[in-house]
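Below you'll find the structure, written out as structure tokens, and then a few comments.
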Amino acid sequence: MTFTTKLKEEISKLSDNEVESRSLIEAFLRYNATINDKIIITMENASVCRYIYKIIKESLGVLPKITVRIQKRFRVKQIYILEINDKIEYIKEAISFKSMPILDSDEEKIAFLKGTFLGVGNVSNPKTSGYHLEFILDKEKDANFIADLLNYFHLNAKVIKRGYKYIAYIKMSESISDLIKMFRATNSLFEFEDTRIYRDHKNMVNRLNNCELANQEKTIQSGLKQLQDIEYLEEHDLLPLLDDKLKLVIEYRKKYPDLSLQELADTISVNTDYKVGKSGINHHFRSIKKIKENHLNNHKK
């Protein structure tokens with residue numbers, strides 16, 4: 001079962017008051033029904049079908065006809081069809097199909113978004129892909145209206161055209177979480193948040209590991225350059241010119257080529273009488289490099 005299916009089924013099991021039900025069914029019929037001399041609604045989710053049937057019966061006083069068909073194209077699945085033949089003009093007038101919806105309260109706005117999501121909404125599986133929740137609509141003005149509703153609640157919605165459809169969507173995980181919370185789908189919210197926390201933690205660990213690998217690579221490259229400088233001094237018999245501390249640092253660098261400057265300083269401090277820090281070690285290697293460069297410059301002349 002997809003995350004979208006689980007979310008829609010949870011929404012369909014919630015109870016709504018009369019105001020919420022009217023806004024929800026207005027959105028659902030507006031964007032998910034064929035309306036002529038009769039109203040036809042096609043769905044794949046049995047739980048959503050029962051929910052919409054109940055609201056139509058209680059809010060509009062109409063008893064829809066239910067038909068179940070088996071679709072065998074691509075995969076076998078049941079299709080649920082609600083057909084309304086009575087009070088068509090009354091429903092059209094009650095739902096105000098000829099004008100844009102008028103939603104006065106936050107309660108009505110959330111219920112309208114909920115009904116739209118049940119009809120034409122999808123949300124990606126947070127476990128396997130990026131965060132994305134969308135409403136697929138036929139008209140640009142409807143997509144803009146839904147995006148405006150989402151942005152009224154500060155959910156950072158945008159609209160794009162995809163083929164012949166218009167998509168109102170949100171991509172930020174916090175925005176998707178807030179919308180699910182507004183839908184009062186507690187179980188889906190917990191699943192989404194658990195997955196989000198796990199993924200964020202995993203990404204943080206990966207970033208730390210990548211950072212650590214980069215630091216290790218940097219330490220190795222730095223150590224190799226220092227060993228090359230030391231090798232140059234040895235080849236040109238320059239070590240006798242160095243003081244005892246420099247000779248000690250060279251000895252331990254050759255013995256521990258993979259240690260960082262701090263680790264090398266700690267090792268020298270523990271194993272010898274010379275107490276030195278990271279900055280002191282770095283100063284010694286700068287001195288070694290300078291001696292090498294001076295020797296190279298003198299021999300060029």
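The values are calculated or read from the model by the stated rules, or taken from the named source; none is laboratory data. Bear in mind the structure is a predicted one, so any value in this text is a computation, not a measurement. Cβ: placed from backbone, ideal geometry, glycine included. Neighbour counts: every protein chain shown.
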Practice item. Might you check whether a residue that is at pLDDT below 90 and surrounded by 14 or more Cβ atoms within 10 Å (Cβ to Cβ) occurs anywhere in the stretch 98-116? Key: yes
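Can you go through ILE230, ILE220, ILE170, ILE197 and tell me which one is of a type outside the set (Gly, Ala, Ser) and touching a residue at least 40 places away in the same chain (Cβ under 8 Å)? Quick ask: steps written out before the conclusion?
Working: ILE220 fails: touching a residue at least 40 places away in the same chain (Cβ under 8 Å); ILE170 fails: touching a residue at least 40 places away in the same chain (Cβ under 8 Å); ILE197 fails: touching a residue at least 40 places away in the same chain (Cβ under 8 Å).
Result: ILE230 is the single residue among ILE230, ILE220, ILE170, ILE197 that is of a type outside the set (Gly, Ala, Ser) and touching a residue at least 40 places away in the same chain (Cβ under 8 Å).
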Check your understanding: Is one or more of the residues making up the stretch 33-41 crowded, with 19+ Cβ neighbours inside 10 Å and assigned to a helix (DSSP H, G or I)?
Key -> no
Exercise for review: Give the stretch 55-86 a look and list any residue that's touching a helix residue (DSSP H, G or I) at 6+ places or on another chain (Cβ under 9 Å), at negative phi and outside any strand (DSSP E or B), or say none.
Suggested key: ILE55, ILE56, GLU58, SER59, LEU60, VAL62, LEU63, PRO64
Point to revise | Residue check for TYR198: over 30 Å from GLU107 (Cβ atoms) and either part of a helix (DSSP H, G or I) or of a type in the set (Ser, Thr, Tyr) (or both) | key: yes
Exercise for review: Scan ASN151, ASN144, ASN85, ASN125 and give me the residue that is more than 18 Å from TYR31 (Cα to Cα), at pLDDT 90 or above and either β-branched (Val, Ile, Thr) or surrounded by fewer than 18 Cβ atoms within 10 Å (Cβ to Cβ) (or both).
Suggested key: ASN151
Check your understanding: For SER23, are the conditions met, namely being in contact with a Ser or Thr (Cβ under 7 Å, 6 or more places away or on another chain), within 25 Å of MET182 (Cα to Cα), of a type outside the set (A, V, I, L, M) and not in a loop (DSSP other than H, G, I, E, B)?
Key -> no
**Study point:** Matching residues, the stretch 240-282, being surrounded by 15 or more Cβ atoms within 10 Å (Cβ to Cβ), farther than 24 Å from ASN215 by Cα and of a type in the set (A, V, I, L, M)
**Key:** LEU242, LEU246, LEU248
Check your understanding: Quick check: is even one residue across the stretch 223-235 among the basic types (Lys, Arg), surrounded by 15 or more Cβ atoms within 10 Å (Cβ to Cβ) and part of a helix (DSSP H, G or I)?
Key -> no
